[in-house]
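A.B. asks: I have a structure here, written as structure tokens, and I will follow up with some questions on it.
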Amino acid sequence: MTASVRPLPTPGADLPDHPAFLWDNPDPKPSYDVVIVGGGGHGLATAYYLAKNHGITNVAVLEKGWLAGGNMARNTTIIRSNYLWDESSGIYEHSLKLWEGLEEDLGYPILFSQRGVLNLAHSLQDVRDSVRRVNANRLNGVDAEWVDAEQVKKICPIVNISPDVRYPVLGATYQPRAGIAKHDYVAWGYARRANELGVDLIQNCEVTGIDVVDGKVTGLRTTRGPIRTGQVALAAAGHTSVLAEMVGLRLPIQSHPLQALVSELLEPIHPTVVMSNAVHVYVSQAHKGELVMGAGIDSFNGYGQRGAFHIIERQMSAALELFPVFARAHLLRTWAGIVDTTPDASPIVGMTPVDNLYVNCGWGTGGFKATPGVGWCFAHTIAHDEPHPYNAPFTLERFTSGALVDEHGAAAVAH
Amino acid sequence: MQLIPCPYCGPREEAEFHYGGQAHIAYPQTPQELSDFEWAQYVFFRDNPKGPFAERWHHAAGCRRWFRAVRDTATHELLAVYRQDQPRPEVVR
């Protein structure tokens, strides 16, 4: 007896093609109204909203490498807004709402898939903290629910909920509106629309100096010549300290390698996003079929985009205990990005002691999800020379005043 | 995995060590006179250079002693290791 076997579709065959034209590749002009340093997701989104929301189009985005080749190309694409504190849920929920309309807004497929996120609880304290966060989320209008182990199994059947493991799954918080998006497409969508609106996207252009006269920014020196500008906005993630030092500005950030990895392409087996702080791993399955996993940061300060193998080993053993079915999957590729962590695990977005110099940094391990939200608020900050209400709490001064937004360990933040 | 040359035990695997951040941060001499800004600098602000960085390490799974190292944060290369009571060495690269 023979059975006809239908060939499986090629993984990724359903992904949309790219448009023939994305953006120009101009030389820098001698002067701009605003220069954004850093052509990653945050920089490109800021440029787009400056042009779209505020009509400011004489703008350059300077990128020392290629567009979106830093952390925008290296993150694990998880999008959620289930943070504990009011300040955080404000900006992340604003971001999530923008994600929900982004494909239409940019006219570009970003494959935003609201497949939900489970944040697992493995101890009694985890359970208490999680339930508290669910309640805080609901008060802030963020969708959240507490689910027990059986319900976790219903949402994601491949999770091992056996009680006789080192870190049993006692339950989870579930945010159904959370999900993933295709990170490269997000950056390309922003870049393309920003370019259409008149923004110059300048690649292979590294900033080597920032000119300040009488406490005010007047221009930049770059590997492609000097540029005069009225306003400078830093959005360079792990390298922000290096830039800020050019004007003698000290920031409370430390740059660390953060590693992630993908498996080979697999059949769809993982319907949602699962994060676990206690065992330190987060997993989803990309549209093409790779399992995408991330870990915690490497402990030491580092600007090299690579980390230690024992971090990956630890992450894999955690993943295997949660998902025994992964035992036969092959690891395809590992890499690292440089993340800028702050003492309170919240970002710094706003003004600096130097006039007309703005900073957006300190997003640590969680900047991707904030891309639309922070682009929106940072553009507002630059256009009005004062913070948007959503980024107003995330000042540099909070480290002196003590008004920290302490998300560390409080809001499913995997650091 | 990197080998870290503990000044007491010699080269050991990185997994045996615990990182302690920037070295040579002294507790303020006159804490009662510090302004909020100065306290913030002491508590929250650390250097974050791309290049040689003097930092503390703890050989947690070995001799359990703290020591210091100058390490290049761009290449992750260990340029010098020294004891807690020694000054930061000149690093010749």
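The values are calculated or read from the model by the stated rules, or taken from the named source; none is laboratory data. From a predicted model like this one, the values you see are computed outputs, not experimental measurements. Every residue, glycine among them, receives a Cβ derived from its backbone with ideal geometry; neighbour counts consider all protein chains shown.
A.B. asks: Among the residues of the range B:1-45, which ones are among the hydrophobic types (A, V, I, L, M, F, W, C), surrounded by 14 or more Cβ atoms within 10 Å (Cβ to Cβ) and either on the phi > 0 side of the Ramachandran plot or touching a Ser or Thr at 6+ places or on another chain (Cβ under 9 Å) (or both)?
C.D. replies: The answer is B:PHE17, B:TRP39, B:ALA40, B:PHE44.
Per-residue answers, yes or no, for (1) modelled with pLDDT under 95; (2) more than 16 Å from the chain's Cα centre (by Cα):
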position: A:GLY307; (1), (2): yes, yes
position: A:ILE312; (1), (2): yes, yes
position: A:ALA318; (1), (2): yes, yes
position: A:ILE338; (1), (2): no, no
position: A:SER346; (1), (2): no, no
position: A:VAL359; (1), (2): no, yes
position: A:TRP363; (1), (2): no, no
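A.B. asks: I'd like to verify a number: residues in the range B:40-84 that are facing chain A (nearest Cβ under 10 Å), free of Cβ contacts under 8 Å to residues at least 60 places away in the same chain, more than 30 Å from A:ALA403 (Cβ to Cβ) and not in a loop (DSSP other than H, G, I, E, B), how many?
C.D. replies: Result for the range B:40-84: 3.
A.B. asks: If you don't mind, there's one more thing I want to ask. Looking at the range A:386-406, which of its residues are of a type in the set (D, E, K, R) and in contact with a Phe, Trp or Tyr (Cβ under 9 Å, 6 or more places away or on another chain)?
C.D. replies: A:ASP406
A.B. asks: Looking at the range B:19-39 only, could you name the residues that are within 13 Å of chain A (Cβ to nearest Cβ) and over 22 Å from A:ASP340 (Cβ atoms)?
C.D. replies: B:LEU34, B:SER35, B:ASP36, B:GLU38, B:TRP39
A.B. asks: Let me ask something else about it. Are there strands (runs of 3 or more DSSP E) fully within the range A:213-271 with at least 3 residues that are out of contact with any Lys or Arg (no Cβ under 7 Å at 6 or more places or on another chain) and farther than 30 Å from A:LEU118 by Cα? List them.
C.D. replies: A:216-222, A:225-234
A.B. asks: Across the range A:289-335, what is the number of residues that are assigned to a helix (DSSP H, G or I), within 14 Å of chain B (Cβ to nearest Cβ) and of a type outside the set (Ser, Thr, Tyr)?
C.D. replies: Residues in the range A:289-335 being assigned to a helix (DSSP H, G or I), within 14 Å of chain B (Cβ to nearest Cβ) and of a type outside the set (Ser, Thr, Tyr): 7 in total.
Here's the yes/no breakdown for (1) part of a helix (DSSP H, G or I); (2) of a type in the set (Lys, Arg):
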| site | (1), (2) |
| --- | --- |
| A:ASP17 | no, no |
| A:ALA20 | no, no |
| A:LYS29 | no, yes |
| A:VAL35 | no, no |
| A:GLY43 | yes, no |
| A:ALA47 | yes, no |
| A:ILE56 | no, no |
| A:TRP66 | no, no |
| A:GLY69 | no, no |
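For every residue, the table says whether it meets (1) more than 25 Å from A:VAL242 (Cβ to Cβ); (2) within 13 Å of chain B (Cβ to nearest Cβ); (3) in a helix (DSSP H, G or I).
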{"position": "A:VAL339", "(1), (2), (3)": "no, yes, no"}
{"position": "A:ALA345", "(1), (2), (3)": "no, yes, no"}
{"position": "A:VAL349", "(1), (2), (3)": "no, no, no"}
{"position": "A:PRO353", "(1), (2), (3)": "no, yes, no"}
{"position": "A:TYR358", "(1), (2), (3)": "no, no, no"}
{"position": "A:GLY373", "(1), (2), (3)": "yes, no, yes"}
{"position": "A:TRP376", "(1), (2), (3)": "yes, no, yes"}
{"position": "A:ASN391", "(1), (2), (3)": "no, no, no"}
{"position": "A:ALA403", "(1), (2), (3)": "yes, yes, no"}
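A.B. asks: When you go through A:LEU118, A:LEU67, A:LEU84, A:LEU111 one by one, which is the residue that is closer than 22 Å to A:PHE394 by Cα and touching a residue at least 12 places away in the same chain (Cβ under 8 Å)?
C.D. replies: A:LEU84
A.B. asks: If you check A:HIS239 against the conditions, is it within 14 Å of chain B (Cβ to nearest Cβ) and buried (at least 23 other Cβ atoms within 10 Å of the Cβ)?
C.D. replies: Considered against the rule, which asks whether it is within 14 Å of chain B (Cβ to nearest Cβ) and buried (at least 23 other Cβ atoms within 10 Å of the Cβ), A:HIS239 comes out as no.
A.B. asks: Looking at A:ALA295, A:ALA308 in this structure, which one is small (Gly, Ala, Ser), within 30 Å of A:VAL242 (Cα to Cα) and surrounded by 23 or more Cβ atoms within 10 Å (Cβ to Cβ)?
C.D. replies: A:ALA295
A.B. asks: Taking the range B:33-63 as the search range and keeping residues that are among the acidic types (Asp, Glu) and more than 20 Å from A:HIS256 (Cα to Cα), which one is farthest from the chain's Cα centre (by Cα)?
C.D. replies: Here the residue is B:GLU33.
A.B. asks: Among what's in the range A:374-415 and is surrounded by fewer than 19 Cβ atoms within 10 Å (Cβ to Cβ) and either among the aromatic types (Phe, Trp, Tyr) or under 30 Å from A:LEU118 (Cβ atoms) (or both), pick the residue that is modelled with the lowest pLDDT.
C.D. replies: Only one residue tops the list, namely A:HIS415.
A.B. asks: Related question: Which residue, of A:ARG224, A:ARG228, A:ARG166, A:ARG193, is crowded, with 19+ Cβ neighbours inside 10 Å and of a type outside the set (Asp, Glu)?
C.D. replies: A:ARG193
A.B. asks: All but one of (1) surrounded by fewer than 17 Cβ atoms within 10 Å (Cβ to Cβ); (2) at positive phi; (3) of a type outside the set (A, V, I, L, M) hold for B:HIS76; which doesn't?
C.D. replies: (1)
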